[in-house]
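The values are calculated or read from the model by the stated rules, or taken from the named source; none is laboratory data. In this text the structure is predicted, and so the values were computed from the model without any measurement. Cβ placement follows ideal geometry from the backbone for every residue including glycine, while neighbour counts extend to all protein chains displayed.
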Amino acid sequence: MVMKGLIFDIDGVIADTEPICARAASAMFRKRYGAVVPETAFRAHVGSGPPRYLGNPARDLGLDIDLDEAWADCADRFLKLLDAGPPIAFPGVQDFLREAFVRPGWKPALATSTPEHKSRKTLKAAGVNPRDFSAYIHGDAVTRHKPDPEIYLAAATALGLSPTRCVAIEDAVNGIRAAKGAGMGCIAITNSFPREGLAEADRVVDRITDVTWEMLDSLVPNHGE
């Protein structure tokens, strides 16, 4: 059997964290720099890593920020909000993952721009164990973040598969571009952006329960490695 890879983003696909991230970042700018940055200002940079997620809004305001310190502050606020909140897994995620773990011919993986410590906390809050996946690539494991394809290329390598044998599930434009840049098929879920903003994906669905195995199979070429 020729294997295929199914690679999940975490934030916005498995876990409903994008509003929490934006709330933490907005609070960080307000408390640390006295700047009012609306939570919507971070939406265009979802999934792209700290340099874009915090750096671009700062540049728009003419702020000179210490990115490492700002990100650490933001991550601390995020984790406090996470601990204080309800479970964050999107509806249907647990059932879909359980099926993916035993689906013949498929190897599931995680690929997130989020640093390891934060992403592990997020997975725990979503009730997901990274050990259940065949590969787990986080932001600390790469030097270039989405929309650069490095993280998806690394995930395919960790799975022992060609990128063309993999399908990514994403929620953001930067992630879609990273997956497509790696040569993968991509399904986008409208958890974070409206359907029209995700047109670069091969398929767009409204929830993870709309993803079918027939849909996934159709995005992988019918030939061997």
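Quick test of your reading of the structure: Pro91 fulfils all but one of (1) within 17 Å of the chain's Cα centre (by Cα); (2) buried (at least 17 other Cβ atoms within 10 Å of the Cβ). Name the failing condition by number.
(2)
Name every residue in the range 22-46 that is part of a helix (DSSP H, G or I), within 15 Å of Phe193 (Cα to Cα) and of a type outside the set (Ser, Thr, Tyr), in order of residue number.
If the condition is that a residue be part of a helix (DSSP H, G or I), within 15 Å of Phe193 (Cα to Cα) and of a type outside the set (Ser, Thr, Tyr), then Ala22, Glu39, Ala41, Phe42, Arg43, Ala44, His45 are the ones that fit.
What number of residues within the range 182-199 satisfy the criterion of being closer than 17 Å to Ala109 by Cβ and in a helix (DSSP H, G or I)?
Residues flagged as closer than 17 Å to Ala109 by Cβ and in a helix (DSSP H, G or I) within the range 182-199 amount to 0.
Among the listed residues Asp11, Asp68, identify the single one that is in the same structural domain as Leu159 (by TED's automatic domain parsing) and charged (D, E, K, R).
The unique qualifying residue is Asp11.
Does the range 198-207 contain any residue that is under 19 Å from Val102 (Cα atoms) and either of a type outside the set (A, V, I, L, M) or buried (at least 18 other Cβ atoms within 10 Å of the Cβ) (or both)?
The answer is no; no qualifying residue exists.
So that you can scan it fast, the table gives a plain yes or no per residue for (1) of a type in the set (D, E, K, R); (2) touching a residue at least 40 places away in the same chain (Cβ under 8 Å); (3) assigned to a helix (DSSP H, G or I); (4) over 20 Å from Arg177 (Cα atoms):
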position	(1), (2), (3), (4)
Ala109	no, yes, no, no
Ser113	no, yes, no, no
Thr122	no, yes, yes, yes
Gly127	no, yes, no, yes
Tyr136	no, no, no, no
Arg144	yes, no, no, no
Pro147	no, yes, no, no
Ile151	no, yes, yes, no
Thr157	no, no, yes, no
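Checking Ala44 against (1) modelled with pLDDT under 95; (2) in the same structural domain as Ile10 (by TED's automatic domain parsing), which test does it fail?
Condition not satisfied by Ala44: (2).
Could you say which residue among Ala178, Ala172, Ala168 is touching a strand residue (DSSP E or B) at 6+ places or on another chain (Cβ under 6 Å), crowded, with 23+ Cβ neighbours inside 10 Å and either more than 15 Å from Val13 (Cβ to Cβ) or of a type in the set (A, V, I, L, M) (or both)?
None of the others qualify; the one that does is Ala168.
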